[in-house]
Structures are given as C-alpha cells and as structure tokens.
Number of protein chains: 2
Amino acid sequence: MAKITQVSPLAPEAFPDLPVIKGLRFAATAAGVRYAGRTDVMLAHLAPGSVMTGVFTRSKTRSANVLDCQAKIGGETGDGAAILVNSGNSNAFTGRAGDESVGALCQAVGRAMDLPETRVFTSSTGVIGERLPHDRIIAKVDDLVAALDEGGIAEAARAIMTTDTFPKGACETVALEGGEVRIAGIAKGSGMIAPDMATMLVYVFTDAKIDRADLQALVSEITDRTFNAITVDSDTSTSDTLLMGATGASGVAVDRNNEAFAQALERVFRDLAHQVVRDGEGATKFVTVEVTGAESDADARVHAMSIANSPLVKTAIAGEDPNWGRVVMAIGKSGAAADRDLLTIRFGDVLVAEKGWVSPDYREEQGASEMKKAEITISVDLGLGDGQYTAWTCDLTHGYISINADYRS
Amino acid sequence: MAKITQVSPLAPEAFPDLPVIKGLRFAATAAGVRYAGRTDVMLAHLAPGSVMTGVFTRSKTRSANVLDCQAKIGGETGDGAAILVNSGNSNAFTGRAGDESVGALCQAVGRAMDLPETRVFTSSTGVIGERLPHDRIIAKVDDLVAALDEGGIAEAARAIMTTDTFPKGACETVALEGGEVRIAGIAKGSGMIAPDMATMLVYVFTDAKIDRADLQALVSEITDRTFNAITVDSDTSTSDTLLMGATGASGVAVDRNNEAFAQALERVFRDLAHQVVRDGEGATKFVTVEVTGAESDADARVHAMSIANSPLVKTAIAGEDPNWGRVVMAIGKSGAAADRDLLTIRFGDVLVAEKGWVSPDYREEQGASEMKKAEITISVDLGLGDGQYTAWTCDLTHGYISINADYRS
C-alpha cells in the first residue's frame, strides 16, 4: 500500500459540512486490519423502514463481499440495515475463506444490532489475496455500535481510505413541495479506476421517502453518467460497490420522476466521482473529455473512454504538451465510427483541428497555454450525428508509476 | 520526438547478418525530414515478377500512406515494385495535403525507376498532423535509386527508426525440396504499440516463388499470432504497415501449405515482434503472457491482452512485485468468461494461485525471485476449455513517462 502523505494538488479545499440524515448514524474505529495509527473500519446504521439499493463491479473475479451484497440487495425486511466497511484488505480472491469472513462479519453485526444477517452489507478494500483478519474487526463491533452517532459521517469517510490522499464527501439539500430532503455521500478510490465501478466504494444516503425500485432505477441510471464515466488507469477492481440507502425519515415522498431530486442526486454522484479522479494516483491535472456528434451515445462513450484511457494522451497532458495528434490516434483506435476528415478538436475554447487537419488559425502557443491549466477540457465533435458523452480522467505521471511500482497495493 | 540515446537493456546483442534476397535492393539517405545527422529515408526495389502483400492498421484515422497502400495491394502488374519509407513525420491527419504528398512521392519514385505509380508503396512514421515536407525526399530520389544495393538492408533498418533505440532485423534460410529460400525482414516501433498493428512498420522479403494470394493468406494468419499479439501501451497508431514482398528469384516454388516455409516465416515475424516489445518505451522487462484453458482462443486473447495492457500489472512488474492479485483483477475486468475459483496462475514455473486463492505451498520469495528476471512469463489457466493465446508485453516504468510526457512525438 502506497505510503503517500502529500494531498493531491487537485483536492477540494476542505471536506464538506455534510448534513445530518435523520435515521442514519455512523461510527469508525481502528481495528488494525493492516494499517497502524489510523481508523480502518466504519459502521453505518439505517433505521427500520429504510430501503437499500446498489450498483456493483462487473468484474468476473468479484470479491466475496460484493457477491454477498448483490445477493441481499432487493430483499427488504423493514428492519433497517447496517453497512460495515474495512480498509487495508479487500478480501478478494481469498477462496472459501473470503465467504467465511463475510459470514462471520454479518453474523457479528447482526447479533450486536439485532438485525437479520440479510440486512448487513459489507465492503472490504485494500490488498487482494490475503485472508481478511475478520476477528480483529469483530472484536470492535460492540464498540462501534456503542459509538454510533448522527454526526459520524466525516470520520467514516476517513476510515475507508486506502491510497486516497483526502476523504471524499458531497451533499445536497433539496426543497420539495412536501418539505426539504437531504442527500449525503462519501466515497473512496484513487487507483484501479475505470468504468464498471473500478476500485471505488461509495455510500450515499437520503432521508427522502422513496420506493426501493424507484431509487434503484435512479441510482443505476445516474451511475452510468457519473461513476462509470471516470477512469484513472483503465483498471477495474474486484470490489467496487455503491450502496445507497433512503431512510424516509424526512417524511417527504419522492419517486423516480422527481426531477429536482434526481438532479440533486446526480450532482452528489458527479461530485464524488470527480473527487475520485482528483485523487487519481499521481494526478496533477483534472481532465474533462467531451465527445459530441457521434453516431450514438454509446459510440460517443467508446470514443470518450478511448481518449480518457490512452497512455499517450495522458502522458502528453502530464507534459503539458498540446499533442492533438494523440487525440486523433485515440479516436482512430477506439473501434467506434469516425471520419478523419469530419473531426473537430478543441482544447478548452481553442479550436485545434478541423476538417482532417490542424485548424488554419491555430497556433501552438494557444494549445500550450490551455495545457498549463490544472483543469483541462478536450472536446471532440465527430460530425456524424447526435450522440454525446462526457468522461473524466487525470494525467499519467511519474507519481502513478512510483505509487504502483514501488509498493504492494 | 524523444531524444533517447541509451539502447534498451532488452535489445539483442547485435543486428543480425541478414542474407541477400535475390531480386531485392535497398538504399538509405538523410533527407532532413525532421531529424538532423542521421538517415531518415529508405528505398527498396523488388525486381519484375515480385508479388506484394500487406497488413495495415485498422485505425479509423489511417494515414494517407496507409490508405494508398491498401488501395494498391493486390494489383500486380509484373513490373516489380518499390517501397519508400521516411521517418520523422507520419503524414497522418494532414487532410488533403497528406494525399498530395503521397501522390508526389509515388510519382517521383515511379518516374525515376520506370515503374507505374500503382507499384510504388510508401510509409511515413513520426509526428502526426504536420505537413510532410515531401520535396526534401523527392530531391533525394535520384541519389537513392543510384545507390540501390543488394546489401543495403541494415542501413534501411536504421533509416526508419523513430523512438527506437536499436534497429530491428530477423531472417531465416529454409532448405526445401527445390532448394533454399531466404526470408529477411526489418521493423521499427517502440511506442503506440497495441493489437491491430500499432505504430509499427515492418518489411519482410523472400526470394521464394509464391502466388500472391497464398502469401497474403500466410501473412494475415501469422500476423494475428505475432504482431497483433504484442502491446507496449495499448495505443494503436494511424500508420501501421506490414508489407511483404516475394521476388521469386530463388526459383523455388512454395504455397500456403508448405509447413517449413510457413514456420520459418512465423519465426521471422515473431522475432521482429519481440524486438519491438524489447524496444518498448522505457521497458526493462520482457513479459510473456500465456493464457490456456479459456472457453475459446478468442476469449484467451481477450484475457491475455487485458493482462498485457493493465497499467497495474505492468507497474507491478516494473517494481519486481509478484502482485498476482493484479493479474486476477485484469482477468476479472476483461469481459471474457472466467471463474474465480478455477483460475491457476504461475509466475515462471512457480505455482502462485489456484482454486480461487493463493497456492498453499507458495512463498512470496519464490514469486519475488521470478520477478527479478529480465524475462518473465505469466501463465494463467482458466480451467474452462481448450482456448489459448500468448501475448507479449513489457513493463510500465518511469522511462515511459519521461519519453512520452517530456517530448513531442
């Protein structure tokens, strides 16, 4: 695990002041799973009547925790729910022992909180392939339950960090006809980030009253445009998990068609997703890749991710080189429809290339000036249709190599 | 363009002593396309009666040269053929000017050598998006024609280098019933290397007498197992070209079913493909990824390329970290069929993981010892079927970042 102490230059100024979500409490503790001198386990409790939804990695080598969560999502009992998360060890590729660890954790939490095991969700993040020392976590469960507190979410965000250089949180308060509802979320993740959820753990909560199927539909749809639109290194984790719970404690009812709620939820998801990119291993630039004019949204996504994942594009950005030829290359290799002579490429507002060649008015200094910024937008119009997609990524630097070549993670 | 002067630590000891191919002559010169103080153009001439075959990038943003070669392959005239290659400028994404440059070069070479333009093939490699100064090349054509020499292939191999740290050549002599035939090839490429031909230029020749369709079938089939099985950085160039010519001058006839010839040809292709990986930008390790037991060969290829392209696997190798968890991750994310609990993973001969977990007899020192080698084999058996594929790659190091972030290429 990388021993990185310097906070990403792209980090937000401070952890946000997250609102209390009625019906939701948190606790964190140091169980010594792998790290010393820091918290590494968080527990969240959702009051009876809460609904739980989730989105998970599509990896074929999913961790035992992910498989267990997937089996439990959808089986509401009215008892409320608990989420237990540890950092330091992912409990992935640990064979039968992995399943045993999940079972033992769920049993211990269920017993301590008087919850059926089917209402206990767990995540583990950290090194793959080493047996999870779950006894160390179980020994702390009673302390965690005793410490549960409405204001504990910031400490929970810290406890789930691995190579993260800052804790990640986001929130919205939405004024609806029936009253205000609140949304608050935390996340971890900084490497092994790519579509299909990557190494990310995300926990989002609301006190809105919403049907489980409606919330799941919103969560799935918004994830496609937010967490599945970011990439640090094109690598996808075995453990990615997004859980969202709604306690209903505000008494304000919403459904999947409530635009104000859906938009606020998307802002929270997008904010957390961007924070993961901003903490990308070794990142010094935050890059938005906007693709328009594709034959379809799906094609636009293929092009956007091809650009966002290209090592040559990402190293050029690291070097502040306005190397639009590498953008052309990434479009050409993506496999989706493109016509060389219809492409338009912009860096920020600067028109760089059009009609199959560099723009006649473009001067290299303009591109170079755009590339010096910490936040860069690459826009590509394919000139073929109405398909569009936006992806977010970071640059590929010596820092990424140092973090991933020099330490076991 | 990277100013790398240190030869790759994985380079062969010396450029091989390539045999003369009867009916084939080469010349090289310094035209000052972009570089100073080195040769940057090569010309090859194949005698009348030669057949020409080729395989090209599938990029949607192919260079003008590639499009021109593709249009000409297959149109034999009996007049022989010429191949003109420049380094320093790829003539890619240069709009109509790119087509004009190709036309001007073909006209000049055709006129100087008394060849129809349809028998002149060109390749350009180097920076994308800048107009090719083709007049500088055309000014040297007469000198090149005058200098054509049976022994000029080694100089030709040097003239086509860009970020390459060593010239690449390979050869075979095959004793057949009718007599000996010779195969000799040269290549360039060290970055932007991925399936679908990557930034590679490859020129292979034989004096065997073979039907064009038969040679094309062999070339296409063998390319899938050799040049399309290597990756440095998953990026695919707009300019990749493999041309193979057979002069027939040995008088020894072969067809596509001649096993001895096909195997010799595959050895030459594989040798050149390996040399490209060995010259991978920043490479310090040569990595073979063998996948067996997949549901199909196609699935095995997807897994092998997922492992070979994973930044996390490649940085672990750079750090000599036997991080088999990252291999599991890469299998999981590939999208092809896999069962976590049936996987077997080996580093060299060391059994690392089996049955969904680390092997009970595995000790970390064994893996660490394998990873210290300059040549590493990662073997994965999926336990599902008979599908297999082998890919080759290199590690991802600070050197790659330096080459690609610090210079325009």
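The values are calculated or read from the model by the stated rules, or taken from the named source; none is laboratory data. Just so it is clear, the model here is predicted, and its values are computed rather than measured. A quick note on method: Cβ atoms are made from the backbone with ideal geometry, for glycine too, and the neighbour counts reach across all protein chains shown. Heavy atoms of the whole protein, side chains included, go into the accessibility calculation; ligands, DNA and RNA do not. Shrake-Rupley method; radii C 1.70, N 1.55, O 1.52, S 1.80 Å.
Restricting the search to the range A:256-295, which residues are of a type in the set (Val, Ile, Thr) and within 22 Å of A:VAL202 (Cα to Cα)? A:VAL268, A:VAL276, A:VAL277, A:VAL287, A:THR288, listed by residue number. Tell me yes or no: at least one residue of the range A:123-134 is closer than 19 Å to A:ARG25 by Cβ, in the same structural domain as A:SER239 (by TED's automatic domain parsing) and part of a helix (DSSP H, G or I). Checked the range A:123-134: no residue is closer than 19 Å to A:ARG25 by Cβ, in the same structural domain as A:SER239 (by TED's automatic domain parsing) and part of a helix (DSSP H, G or I).
Among the residues of the range B:252-269, those that are in a helix (DSSP H, G or I) and open to solvent by 10 Å² or more (accessible area, probe 1.4 Å) comprise B:GLU259, B:ALA260, B:ALA262, B:GLN263, B:GLU266, B:ARG267.
Within the range A:75-111, the residues that satisfy the criterion of being of a type in the set (S, T, N, Q) and within 22 Å of B:SER359 (Cβ to Cβ) are A:ASN89, A:SER90, A:ASN91, A:THR94, A:SER101. Residues satisfying the criterion are present in the range A:101-113 (criterion: among the polar types (S, T, N, Q), buried (at least 23 other Cβ atoms within 10 Å of the Cβ) and either in contact with a helix residue (DSSP H, G or I) (Cβ under 6 Å, 6 or more places away or on another chain) or not assigned by TED's automatic domain parsing to the domain that holds A:ALA246 (or both)).
A quick yes/no check of all residues on (1) in the same structural domain as B:ILE222 (by TED's automatic domain parsing); (2) touching a residue at least 24 places away in the same chain (Cβ under 8 Å); (3) small (Gly, Ala, Ser):
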site	(1), (2), (3)
B:THR315	no, yes, no
B:ARG326	no, no, no
B:ILE345	no, yes, no
B:SER359	no, no, yes
B:ALA368	no, yes, yes
B:THR377	no, yes, no
B:TYR389	no, yes, no
B:THR393	no, yes, no
B:TYR400	no, yes, no
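Consider the range A:114-129 and keep the residues that are open to solvent by 10 Å² or more (accessible area, probe 1.4 Å) and over 21 Å from A:MET244 (Cβ atoms). The one that is modelled with the lowest pLDDT is A:ILE128.
Results for (1) touching a Phe, Trp or Tyr at 6+ places or on another chain (Cβ under 9 Å); (2) at pLDDT 90 or above; (3) of a type in the set (D, E, K, R), shown as yes or no for each residue.
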position	(1), (2), (3)
B:LEU18	no, yes, no
B:LYS22	no, yes, yes
B:ALA31	no, yes, no
B:TYR35	no, no, no
B:PRO48	no, yes, no
B:THR57	no, no, no
B:GLN70	yes, yes, no
B:ILE73	yes, yes, no
B:GLU76	no, no, yes
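Each residue in the range B:337-351 was checked for being in contact with a helix residue (DSSP H, G or I) (Cβ under 6 Å, 6 or more places away or on another chain) and more than 9 Å from chain A (Cβ to nearest Cβ), and 4 of them qualify. The number of residues in the range A:365-387 that are hydroxyl-bearing (Ser, Thr, Tyr) and closer than 21 Å to A:ILE230 by Cβ comes to 2. When A:GLN275 is tested against (1) crowded, with 24+ Cβ neighbours inside 10 Å; (2) at the interface with another protein chain (Cβ under 8 Å from one of its Cβ atoms); (3) touching a Lys or Arg at 6+ places or on another chain (Cβ under 6 Å), only condition (2) is not met. Selection within the range A:140-150: residues that are part of a loop (DSSP other than H, G, I, E, B) and either closer than 15 Å to A:THR39 by Cβ or among the polar types (S, T, N, Q) (or both). The member of this set that is least open to solvent (accessible area, probe 1.4 Å) is A:LEU148. Please pick out the residue among A:ILE403, A:ILE331 that is buried (at least 17 other Cβ atoms within 10 Å of the Cβ) and at pLDDT 90 or above. From the options A:ILE403, A:ILE331, the qualifying one is A:ILE331. Answer with yes or no whether B:SER87 is modelled with pLDDT of 90 or more and within 23 Å of B:THR247 (Cβ to Cβ). The answer is no for B:SER87.
Restricted to the range B:345-380, and to residues that are open to solvent by 20 Å² or more (accessible area, probe 1.4 Å) and under 15 Å from A:LYS60 (Cα atoms), which residue is modelled with the lowest pLDDT? Per the criteria, the residue is B:LYS355. The set of residues from the range A:42-96 being part of a loop (DSSP other than H, G, I, E, B), open to solvent by 10 Å² or more (accessible area, probe 1.4 Å) and more than 14 Å from every other protein chain (Cβ to nearest Cβ) comprises A:ALA47, A:PRO48, A:GLY49, A:ILE73, A:GLY74, A:GLY75, A:GLU76, A:THR77, A:GLY78, A:ASP79. Within the range A:306-336, being in contact with a helix residue (DSSP H, G or I) (Cβ under 6 Å, 6 or more places away or on another chain), farther than 20 Å from B:SER190 by Cβ and within 7 Å of chain B (Cβ to nearest Cβ) holds for one residue alone: A:ILE331.
All told, A:ALA249 meets the bar of being out of contact with any helix residue (DSSP H, G or I) (no Cβ under 7 Å at 6 or more places or on another chain), of a type outside the set (Phe, Trp, Tyr) and open to solvent by 10 Å² or more (accessible area, probe 1.4 Å).
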